[in-house]
Structure formats: structure tokens, C-alpha cells
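So the structure is just underneath, and the comments pick up after that.
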Amino acid sequence: MAPPILQLCVCVQGQQSYLCWWASSRGRGFFLRSRDPIGPIALFAYAAPFSFAYVRIGAALGALILFGSVQITMLTWGFMRNERPGTRVWMGLLLAIGGLAWLTLPAAARPDPLGTGLMVLAGVAWATYTLAGKTSENPVQSNARNFLFCAPLSLVLAW
């Protein structure tokens, strides 16, 4: 198994190359115009902790923590912006919180605290990336730009 940082760099560089090619060949405007740093930083803040967390906790546990964190973060953001979720959303939130609480019960096998914390951080960053992308006029070009500017951050971490 390759080290997490190598996998992060290869993944980000590969996706960046493809998205840059695709966005520049199909878009009307040049995709580097935006100067908003939130997208690349949130993408890096998701990819780096995720890459290190997955070697400390299992995939199933990691998915539960990641998706629960994303859901809780996005619902909290919406609630702070006066959005009022419906019954189905509340049920999903209760399931997410219940799953995360169940993992930390004293009788349950406790997951690695560092891996868990890293995956929660990745989930919050993923939610931030998603919320930042809601306002994009051209999501493909925005993603290409975000991956392009995230790549140097991953290389700095690898160094």
C-alpha cells in the first residue's frame, strides 16, 4: 500500500490534469478568473485528513464518520441561515448523530481517536467545499480551478 501522502498527490494531480483539460476545452470563459480561495483550501482540507485517516480506521467506519460529519455540518449551516429542515431531514440528522454517538459509547469498541478526528475534519471540509460550490456559475470549471490550486498544497505537504 502506498503512503497516504503519495496517494493524495497522485489523486489530486490526476484529477487536476483531467479537469483542467476538460474545462479549458469546453468552457467559454477562462477557468482561472475566480480569486476565491475557499474552494482550493476546502478541497485540500478534505483530501489531506482523509488520506491520513483511512490508514487508521476502517472504510466502513470512516464512511459513517465522514458522511455523518458532512450531514451535520451542512444542516447546521442551513439552520444558521434560517433554513428549516423537514421531517425527513430531521430523521436523517438523528440517524447520523445516533451513529456517531454509538461509536463513542463506552461499551463499544472505540475507534482510533486521531483517525476519527481526521475523518471528522475531512467531513467538515467536504461540506464547506460543497456549500462553496453551490454558488458556482460553472461547476466543472470551478472544480478544475480548485484542483489546480489544491495541487501545490498537496505537494508542499508531501515535501
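The values are calculated or read from the model by the stated rules, or taken from the named source; none is laboratory data. All of these numbers come straight from a predicted model, not from anything done at the bench. Because the Cβ atoms are built from the backbone with ideal geometry, glycine has one as well, and the counts that use them run over all protein chains shown.
Within region 74-93, the set of residues being modelled with pLDDT under 85, more than 19 Å from the chain's Cα centre (by Cα) and among the aliphatic types (A, V, I, L, M) comprises just one member, Val89. Looking only at residues in region 97-145 that are of a type in the set (Val, Ile, Thr) and at pLDDT 80 or above, the one that is surrounded by the fewest Cβ atoms within 10 Å (Cβ to Cβ) is Thr135. Please work out which residue is surrounded by the fewest Cβ atoms within 10 Å (Cβ to Cβ), limiting yourself to region 60-73 and to residues that are at pLDDT 85 or above, over 9 Å from Ala96 (Cα atoms) and small (Gly, Ala, Ser). This residue is Ala63.
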